[in-house]
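This report concerns only the one structure given below.
Each reported figure results from applying straightforward, stated rules to the coordinates on display, with no laboratory input. Bear in mind that the values here come from a model prediction, so they are computed numbers and not experimental data. Ideal geometry is used to build each Cβ from the backbone, glycine not excepted, and the neighbour counts take in all protein chains shown.
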């Protein structure tokens, strides 16, 4: 039985100035298949998908849908050809219901009838197994519910070709399994699904074929059943890469940071942290797990002095002086100078820690300019540091004088994490340090964190990939709705156990250590 081609790209290229984001790409997508799109950061995956979705227009080449050439100059054109894209960052109106968001912008020539919309949304949801209340407001929804609404939006518009960008990035393992069950049903219904993901175990479990990009070019498309993670990584990077995360046994472990009864209320009067207590130890990696919005960001910002807790203590045991100091009484500059460093990679990567219009060298200076005793700024040390980070972390940039805003998100992360590690901290808090990074770059960051642990640093690692947390962390603190629901041994726990604690509110005590 011959497969029916749903979409085909022939010799498609896209340039931004002299940079070739995609070059002469040929790609075929069949009806009723899930095609994974793999590649390192900056290899052109998102640009390629954006051309299919009508966000960019190719500089060269053609796109065919059902055998006919399609001119796709806008998302509206894409929908006309049955193509819809679900972006990593949702585009929903919080005060509208699910149904109102789904029908927003639809112009089918019919009069607007919310009851009819609710009925149709319910039919689509039942067909594929979605759990959604069409009448529920977006601001009342969990992350997975919001993603469901985004998928229903494109299905409501009649999409037969769906593009999902990092769909499991902020989901629990249970939510990811549920999503993949739904995608499998859609595949059985003849839908064509393209998934951009960096998680190789997901690629192996859900996709039928894998298309690999490298430096803007299409390297190969292979059958998933006939390949392996190691082979895919070698195709992505162009060389063999070891996919092993080393977790040495902790040595000379000392309580470095003690958080006791920490609570925080935001300006709206909502308690976002509720009686948080734990210990971060030198020579260990403490993982923090939780679905988006569970308090991870607020917890780290409180420790770094960027937020002001309403109650509780943050005791820092200073290895230089041997004294215990309460960080709640100190400003961010004083906390950094003690050796407590926050490397936070939020959704807006340039919103914290780096200045987009400044080059890499100048961003190295941001942490140290207050120490200058001269009207003239010493640029040699920051320049040397910038060059070292670019070389060691393989930052893709024309030179160290390139404005940070011109770098890809992954390269921005490398600069940020590299700068914080170079400061020789005693406590390193790395939040989402590999968000959006390709597999090769991610393993570079994991190795850096492990090296810090071996150097006696207390590493606090907030991550989204539970497989990685289980592999790299010595202990894992689980948050749900601003509360600690468990502190687990990273060597004996499972991602399923973590996932359950991420969605429950009862507290699970850490065996053998009541203080965490």
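With r defined as the distance between the Cβ atoms of residue 422 and residue 114 and R0 fixed at 51 Å, what FRET efficiency is calculated, to the nearest 0.05? Mind showing how you got there, number by number?
Values: r = 56 Å, r/R0 = 1.10.
The calculated FRET efficiency here is 0.35.
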- Obtain the nm distance between the two label points defined at residue 107 and residue 270 by a simple spin-label model: each point lies 7 Å from its Cα along the Cα-to-C-beta direction. 3.5
- Backbone N within segment 397-427 under 11 Å of label point (7 Å from residue 387 Cα along the Cβ vector): 400
- Message: Compute for segment 93-167: radius of gyration divided by Kirkwood radius, i.e. Rg/Rh, restricted to C-alpha atoms, rounded to two decimals.
- Response: 0.93
- Which shape class, rounded, prolate or oblate, goes with segment 180-303 when its Cα gyration tensor gives a ≥ b ≥ c as root eigenvalues, a/c under 1.5 marks rounded, and past that a/b bigger than b/c marks prolate? oblate
- Note on the structure: To the nearest 10 degrees, the tilt of helix 143-156 (Cα long axis) against the first principal axis of the alpha carbons of the chain is 20
- What per residue convex hull volume, in Å³, comes out for segment 5-237 when only alpha-carbon positions are used? 122
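Which value in deg cm²/dmol, rounded to the nearest 500, describes the helix-derived mean residue ellipticity at 222 nm for the chain, given -39,500 (n - 2.57) per DSSP H run of n ≥ 4 and division by the residue count?
Numbers: 16 runs with 159 residues, N = 516.
The helix contribution divided over the chain gives -9000 deg cm²/dmol.
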- Task: Restricting things to alpha carbons, find the Rg to Rh ratio for the chain using the Kirkwood radius for Rh.
- Result: 0.98
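Classify segment 434-479 as rounded, prolate or oblate from the Cα gyration tensor: take a ≥ b ≥ c as the square roots of its eigenvalues, call it rounded if a/c is under 1.5, otherwise prolate when a/b beats b/c and oblate if not. Kindly include the intermediate steps, with their values, before the conclusion.
Numbers: a/c = 2.06, a/b = 1.09, b/c = 1.88.
It comes out oblate by the Cα gyration axes.
If you count, for each residue, the other Cβ atoms within 10 Å and average over each peptide, how do 484-490, 9-15 line up from highest to lowest? Please list the in-between numbers first.
On the way: 484-490: 21.9, 9-15: 17.6.
Final packing ranking: 484-490, 9-15.
Taking 35 Å as R0, compute the FRET efficiency from the Cβ-Cβ separation of residue 239 and residue 494 and round it to 0.05. Intermediate results must be reported in sequence, preceding the final value.
On the way: r = 33 Å, r/R0 = 0.93.
Efficiency, rounded to the nearest 0.05: 0.60.
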- Query: Which values of log₁₀ I(q)/I(0), to two decimal places, follow from the Debye formula for segment 377-510 at q = 0.10, 0.11, 0.14 Å⁻¹ with a uniform point scatterer at every Cα?
  - Reply: -0.40, -0.47, -0.71
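Listed highest first by mean packing, meaning other Cβ atoms within 10 Å per residue, what order do 414-427, 324-337 come in? Intermediate results must be reported in sequence, preceding the final value.
Details: 414-427: 21.5, 324-337: 15.0.
Top of the packing list down: 414-427, 324-337.
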- Solvent-free Debye scattering, log10 I(q)/I(0), computed from the Cα coordinates of segment 19-120 at q = 0.17, 0.21 Å⁻¹: -0.95, -1.22
- Just the number, please: percent antiparallel of the DSSP beta bridges in segment 5-237, rounded to the nearest 5. 55
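If I stretch the segment between residue 93 and residue 308 completely, what's the gain in nm (0.36 nm per residue apart, minus their alpha carbon distance), one decimal?
Values: separation 215, 0.36 × 215 = 77.40 nm, distance 2.99 nm.
Between residue 93 and residue 308, full extension yields 74.4 nm more.
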- Query: Antiparallel DSSP bridges in the chain: what percent, to the nearest 5?
  - Reply: 55
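Remind me, relative contact order of the chain in percent, using alpha carbon pairs under 8 angstrom and six or more residues apart? Write down the numbers at each step before the final one.
Numbers: 1047 pairs, mean separation 78.9, N = 516.
That works out to 15 percent.
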- Return one number: the angle in degrees, 0 to 90 and rounded to the nearest 10, between the long axis of the Cα atoms of helix 114-128 and the longest principal axis of the Cα atoms of the chain. 80
- Query: Roughly what angle does helix 439-454 make with the longest principal axis of the chain, taking Cα atoms, 0 to 90 degrees, to the nearest 10?
  - Reply: 10
